[in-house]
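**Q** Shown below is the structure under consideration.
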Amino acid sequence: MTPTPAYRRLGVEERRHQLLEAALSLFAHRPPEDVSLDDVAEAAGVSRPLVYRYFPGGKQQLYEGALRSAAEELELCFDEPLEGPLPQRLSRALDRYLAFVDEHDAGFSALLQGGSVVETSRTTAIVDRVRRTAAEHILSHLGVAEPGPRLRMTVRMWITSVEAASLIWLDEGKQPPVDELRDWLVEQFAATLTVTAGRDPQTAAVVRDALGSDTGD
């Protein structure tokens, strides 16, 4: 007879966080539909009834909670004070973002890699909120309150490229070194803005003001 896993008493929030972290790790390496509540309980070192106590809605509620937990941390990464040159601000924001990716690689993959049969409009909205929040932060760094479609698209495209680069970086054994990846992504943003500036006066003004570059417009 398999004994019930022993666990130490934790506060409500600490226990909930423990269960979410265990779930994120499992969801990242296996399709969520292949992960049972027993698996989560075993990974967390607790009993199955305890998992149900915190997540009475079952695996779907746990899955959404795990995604939301990772999303809330990612949303804070680009919340950088509007001080100093833009490239330095972006570098500091990316340092936090990539540190999260490095430390929570399983959770990051679980957040961004969709396609699960348990994916719902709510889980999609969680991921989309991260992207939109990041875009709002970036636009505030650019000093733009009302971005036009070209500038807004440029920012959102770059955020998507940061996500893709991060996932590929994990898949490539975290190579190149993280500081090189960070600098490369900052340079890509400047280059993308410069290309858009050739077609959009608003972006051209942003490039002159935020990056100190003359686009020749």
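**Q** Condition check: within 30 Å of G212 (Cβ to Cβ) and in a loop (DSSP other than H, G, I, E, B). Does G173 satisfy that? Spell out the reasoning first.
**A** Details: within 30 Å of G212 (Cβ to Cβ): no; in a loop (DSSP other than H, G, I, E, B): yes.
Taking the combined requirement at face value, the residue does not satisfy it.
**Q** Within segment 49-102, take every residue that is hydroxyl-bearing (S, T, Y) and under 26 Å from Q188 (Cα atoms) and give me the one that is surrounded by the fewest Cβ atoms within 10 Å (Cβ to Cβ).
**A** Filtering first and then ranking leaves S91.
To keep it simple, each residue is scored yes or no on (1) more than 16 Å from the chain's Cα centre (by Cα); (2) among the aliphatic types (A, V, I, L, M).
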position	(1), (2)
V155	no, yes
S161	no, no
T203	yes, no
V206	yes, yes
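**Q** Further question on the same structure: So, in segment 39-48, how many residues would count as being basic (K, R) and open to solvent by less than 50 Å² (accessible area, probe 1.4 Å)? Even if it seems obvious, please write down each step before you answer.
**A** Kept after step one, since they are basic (K, R), are these residues of segment 39-48: 48.
Filter once more, so that each one left must be open to solvent by less than 50 Å² (accessible area, probe 1.4 Å): none.
Of the residues in that region, 0 qualify.
**Q** With the structure loaded, tell me whether D128 is of a type outside the set (K, R), open to solvent by less than 70 Å² (accessible area, probe 1.4 Å), out of contact with any strand residue (DSSP E or B) (no Cβ under 7 Å at 6 or more places or on another chain) and at pLDDT below 85 or whether it fails that test.
**A** no
**Q** How many residues are surrounded by 15 or more Cβ atoms within 10 Å (Cβ to Cβ) and not β-branched (V, I, T) when one looks only at segment 158-173? First the steps, then the outcome.
**A** Step one: filter segment 158-173 for residues surrounded by 15 or more Cβ atoms within 10 Å (Cβ to Cβ), giving 158-159, 162-163, 165-167, 169-170.
Cutting the leftovers down to not β-branched (V, I, T) gives us 158, 163, 165-167, 169-170.
Counting residues in segment 158-173 that are surrounded by 15 or more Cβ atoms within 10 Å (Cβ to Cβ) and not β-branched (V, I, T) gives 7.
**Q** Mind listing just one residue for me: the one in segment 1-16 that is under 17 Å from Q61 (Cβ atoms) and open to solvent by 90 Å² or more (accessible area, probe 1.4 Å) and, of those, modelled with the highest pLDDT? Steps first, answer last, please.
**A** Step one: filter segment 1-16 for residues under 17 Å from Q61 (Cβ atoms), giving 12-13, 15-16.
Of the ones still in play, those that are also open to solvent by 90 Å² or more (accessible area, probe 1.4 Å) are 12-13.
Working: V12: 81, E13: 84.
The residue in question is E13.
The values are calculated or read from the model by the stated rules, or taken from the named source; none is laboratory data. All values reported here derive from a predicted model rather than from experimental measurement. Every residue, glycine among them, receives a Cβ derived from its backbone with ideal geometry; neighbour counts consider all protein chains shown. Side chains included, ligands, DNA and RNA excluded: accessible areas come from the protein's heavy atoms. Shrake-Rupley method; radii C 1.70, N 1.55, O 1.52, S 1.80 Å.
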